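First up is the structure itself, then whatever we jot down about it.
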Amino acid sequence: MKRRLWELGKDVLILFLVCSLLLLAAAALPAETIRQNHLLSRLMQPFAPVLGLPQAELAYVETAAPVMDAAQPVMISVQNSAGRGTAIWDFDALDAAFETFGGLLGQALDTAEDFSPVDDARVQAALSGRSVCFRYSCTLPAALLASWLDAGTELEAPDCYSCILSLEDGGVALYLLGDGAFRASTALQQELLEPLLEQFRPDGSLFAYEAGLNLEPLTLIPGGALTVPAGTASSPVRSRYVDDLATSLDFNPYGETRYTDSRGVVHFSEANCALEISPDGSVLLTSSAENRFTAPSAEANVLTETARQLVELTLDGGVSRMYLSGFSSQDGETVCTFDYYVSGIPVALSQGYGARVTFSDRSVTQMEVHAAVFRLTEGELYPLPAAQAVAVLPRGGVLTLQYRITADQSLDAGWKK
């Protein structure tokens, strides 16, 4: 009997010591880590007095995941008292212009009053006055654009591909161009926008309506001779890339579910989920698992951010950026499409996009990516002069510069037909 009590006492002591060690280990974690984990917070709050802390110090706090820009403007054109200057086809110029004006666009979206439809003449009058025009690569939901600019996401505004800030009547008006044109007054002060507009240097660029051309009115005609950087494209698929990508997508790169077929395509097959990685850079992820690749909510900005994060896992360096180029949602299915941009110029691919992510409600059902690494090389490319390209465009056409990948994996630049 005494021996049993002795053994029981030892077991109790061991259990006490183990619990003490676990408590000390948890207490060694930063309070912020505990506050961001619901389970840890519940377990540690009762012991807060023992640790000399108020319980509120360890209370769970839900933090919203940051939403990154899935796209930035591909053109920013400024009209000031001296003329028009445009940032286009150059990441450095676009980044500098967006750094200057992006915050003001966010303020305008955040303070916009009711939008009312306007005609083309009103839009062109705004552009011809002192203004700045932002053009994106696709039509975007207003709430999505607002989320990237830290503006209110409850904005009741039309979808748009272009935004204009125009100095009018002592204030700043916001125009949104999409399926029609819409105008709203804003609380943005003219004194904030006007001096920034005047800092921009005219470069001879014009919109088609300003040049008297029968093209889409807001097609930009560059000023002067046009040159773009030369570059190359290559597939990133190597053994390390395959292992890293599989691991990032929660597949076991060394398990029995991995095999390579006769074409060199590496397959990973798990319950309700499969991954294929081809030597040419084609990546295909399919899933019927409801909880494996799931967005926190079905809001446009959250779905887009989830898609962006997944696509980013497939990228492997280089000088390109992947921008959202399409967003559609219907009957519970949402599709986010992305394109590669090199030096601010879209790269045309045979399948028509760089990546496409499909959601059913909040769950990813498919991701297709053409993984590529783009690098700039010495030398420059000289596309057909804009004046000659305009001459062969149909009435109402759009002048669009793009890169194409040639048979020898170099980049060629030309106008989209």
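With Cα atoms as the point set, the radius of gyration and Dmax of segment 324-417 evaluate to 16.5, 49 Å. Using C-alpha pairs below 8 Å separated by at least 6 residues, the relative contact order for segment 289-337 is 22 percent.
Near Glu290, once Lys and Arg are set to +1 and Asp and Glu to -1 for all other residues with Cβ below 13 Å from its Cβ, the sum equals +1. With a 1.4 Å probe rolled over the protein heavy atoms of all chains, the accessible area of Arg183, Arg263, Arg258, Arg240 falls in the order Arg263, Arg240, Arg258, Arg183, largest first. Using a probe of 1.4 Å on the protein chains alone, the accessible area found for Asp361 is around 100 Å².
Summing +1 for each Lys or Arg and -1 for each Asp or Glu among the other residues whose beta-carbon sits under 13 angstrom from that of Gly231 gives -2. The string of couplings for segment 349-358 from the Karplus curve (6.51, -1.76, 1.60, θ = phi - 60°) is 10, 4, 7, x, 7, x, 7, 9, 10, 10 Hz, one whole number per residue in order, with x for Gly and Pro. The charge dipole of segment 163-302, taken about its Cα centre with unit charges on the Cβ atoms of Lys, Arg (+1), Asp and Glu (-1) only, comes to about 480 debye. Kindly provide the GluC sites (Glu not before Pro) of segment 163-258 that DSSP labels as loop, not H, G, I, E or B, and whose Cβ sees at most 11 other Cβ atoms within 10 Å. Counting only loop positions with at most 11 other Cβ atoms within 10 Å, the GluC sites (Glu not before Pro) in segment 163-258 are Glu256. Given axes a ≥ b ≥ c from the Cα gyration tensor, I'd like to know whether segment 149-268 is rounded (a/c under 1.5), prolate (a/b larger than b/c) or oblate. Prolate, because a/c is 1.5 or more and a/b exceeds b/c. Each label point was placed 7 Å from the Cα along the Cα-to-Cβ direction; for Ser81 and Asp331 their separation is 5.8 nm. Of Val123, Val118, Val398, the residue with the largest accessible area leads and the full order is Val398, Val118, Val123 (1.4 Å probe).
Within the accessible surface of segment 166-276, defined with a 1.4 Å probe on protein heavy atoms only, the carbon and sulfur portion equals 48 percent. Whole-Hz Karplus values for segment 376-383 come out as 8, 10, 5, x, 9, 10, 10, x Hz, taken residue by residue from phi with 6.51 cos²θ - 1.76 cosθ + 1.60 and θ = phi - 60°; glycine and proline positions read x. The local environment of Gly352, defined by Cβ-Cβ distances under 15 Å, has a net charge of +2 under the rule Lys, Arg +1 and Asp, Glu -1. Amide H contacts of Ala371 (H built 1.01 Å from N, in plane; Pro and chain starts excluded): Ser282, Val283 sit under 5 Å, all sequence-distant by 5 or more or on other chains. Largest accessible area first, the residues Val237, Val78 order themselves as Val237, Val78 under a 1.4 Å probe with ligands, DNA and RNA left out.
Given R0 = 51 Å, the distance between the Cβ atoms of Ala125 and Ala407 translates into a calculated FRET efficiency of 0.60.
Shape class for segment 255-410: oblate, because the ratio a/c of the largest to smallest gyration tensor axis (alpha-carbon atoms, square roots of eigenvalues) is 1.5 or more and b/c is at least a/b.
The values are calculated or read from the model by the stated rules, or taken from the named source; none is laboratory data. No experiment lies behind these values; they were computed from the predicted model shown. Here Cβ is always computed from backbone atoms with ideal geometry, including for glycine, and neighbour counts include all displayed protein chains. The accessibility values were calculated without ligands, DNA or RNA, using every heavy atom of the protein model including side chains. Shrake-Rupley method; radii C 1.70, N 1.55, O 1.52, S 1.80 Å.
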